[in-house]
Amino acid sequence: SWSRIPAWGQAAMTQLSVFPDSFPLHLAEAALDLSGFDSAPPVPDILSLLVDRSMLQRLPGPRMRMLVSLRSFAAPHPGTDPAPSRLVSWFVDHLKPGDTQLDPEAPILFVALEHALSHDLESAAALMTRMSSFLLYQHPLRLEQMLEQIRPHMASFPPLLQAVLHLDFVNLHRHKYL
């Protein structure tokens, strides 16, 4: 039951509700910020407690998942949770440009990217440059929509980011007509 979980566990559930499906430990660590709770244990211990309390399911590989009904219950009010911004920052720092093997994390990447597109276009552009190969070959229509959303704001981005995004437009155009 929700009331039997410590306050830091409830906060963790709220922050973990950002994940649309399963997630690995390293992304849970990226999304969670429980620094406001002096008594909060390390993230692996928090996840173990939540699994023991049937709030999360442990999956092979080692991944976890929150049930949809619990995710809906735990979800914060729209725009009030900083977890998506932390995920955007983590992906920008850790993804390698040109990586096309992002399938297991695609749902999480799309959540982070959609959040950035509506809250921080420069971070969205930086994330898109790291995902562009994956998007180009796996989700070209989505890439095209996102590039069009960013295009009017490109002049305000740093020159290198503008150049990389321009290359993404060129590659998308070439891919589309080959």
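Below is a table of values for the structure above.
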| read-out | value |
| --- | --- |
| Residues of region 145-178 that turn out to be open to solvent by 50 Å² or more (accessible area, probe 1.4 Å) and either touching a His at 6+ places or on another chain (Cβ under 8 Å) or among the acidic types (Asp, Glu) (or both), as a count | 1 |
| Tally of residues being in a helix (DSSP H, G or I) and more than 18 Å from Asp81 (Cα to Cα) across region 1-32 | 5 |
| Among the candidates Ser69, Ser48, Ser54, residue that is free of Cβ contacts under 8 Å to residues at least 12 places away in the same chain and assigned to a loop (DSSP other than H, G, I, E, B) | Ser54 |
| Residue match in region 104-112 (condition: more than 21 Å from Ser35 (Cβ to Cβ), out of contact with any helix residue (DSSP H, G or I) (no Cβ under 9 Å at 6 or more places or on another chain), at pLDDT below 85 and open to solvent by 70 Å² or more (accessible area, probe 1.4 Å)) | yes |
| Answer residue from region 18-45, given it is touching a residue at least 12 places away in the same chain (Cβ under 8 Å) and open to solvent by 80 Å² or more (accessible area, probe 1.4 Å) and is nearest to Trp2 (Cα to Cα) among those | Ser39 |
| Region 1-54, subset among the β-branched types (Val, Ile, Thr) and over 13 Å from Arg71 (Cα atoms), residue modelled with the lowest pLDDT | Ile5 |
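The values are calculated or read from the model by the stated rules, or taken from the named source; none is laboratory data. Worth saying up front: this structure is predicted, and the values here are computed from it rather than measured. FYI the Cβ positions are ideal-geometry reconstructions off the backbone, even for glycines, and counts take in every protein chain you see. What goes into the accessible areas is simple: the full protein's heavy atoms, side chains included, and nothing from ligands, DNA or RNA. Shrake-Rupley method; radii C 1.70, N 1.55, O 1.52, S 1.80 Å.
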